[in-house]
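Every number here is computed from the coordinates shown, using simple stated rules; none is lab data. Please read these numbers as outputs of a predicted model, since none were measured by experiment. Using ideal geometry, Cβ is built from the backbone for each residue, glycine included, and neighbour counts are taken over all protein chains shown.
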Amino acid sequence: MILCLELHRYGQSQKGLGDAIVFCPSGQPLEAIFGHADRLSKVIRYSDAILLASFTITVGSFLTGADLTRADLTKTDLYNANLTKADLTRADLTKADLYNANLTSVNLFSAYLYRAELDGANLSNSYLDSANLTSANLSNSYLDSANLSSADLRGADLTNADLTDADLENIIWDAETVWDGVMGLETARTVPEALKRQLGIQSP
């Protein structure tokens, strides 16, 4: 799998090879057009059944740029994984453990992250447009310059999260969303006026 992931990354970095060298560890996205591809999830569970967290320890650092479109990663253990520039469009990450994961510049468009563990994760420059982060733990996470347009943050824990320059246009939140110690809201873009009033942020 490491070899296939590395070949995929190389192919995507070279002109003219993008369509010729493709590896989708969860299965082809078209196979999951009405659902999610779960091959990778099964591999992770098999690996972790032999030794706890063995998949993350062995393969986690090679997931850079991985194509995980529509992947079913429900309850999977990906803590400390390097998913930089990975494509997780419409992926199901319900209750996934992404503690301290590197999610820099990741595409999480319409991803489902219900109750996902993102404590300490780096989501800088990530694309979370329309992502569902309901009840997700985002405490101590780095969301600077992230696109959170239309993201669902109801019940999410954003304690001490860094939202510097993040795009918060049309985000959804509720009384259960935790904003304690959140940083960078003064420089965040398109912060809803209702949220500014709630948190006592002065408009420029």
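Some points to look at:
- Partners for residue 85 among aspartates and glutamates (Cα-Cα distance below 15 Å; same-chain residues under 8 apart left out): 6, 67
- Residues with amide H under 5 Å from that of residue 147, placed H, sequence gap 5 or more: 126, 127, 128, 167
- In region 82-156, chymotrypsin sites (Phe, Trp or Tyr not before Pro) in a DSSP loop with at most 15 other beta-carbon atoms within 10 Å: none
- Translational D in µm²/s for the chain (Stokes-Einstein at 4 °C, 1.567 mPa s, Kirkwood Rh from C-alpha pairs): 76
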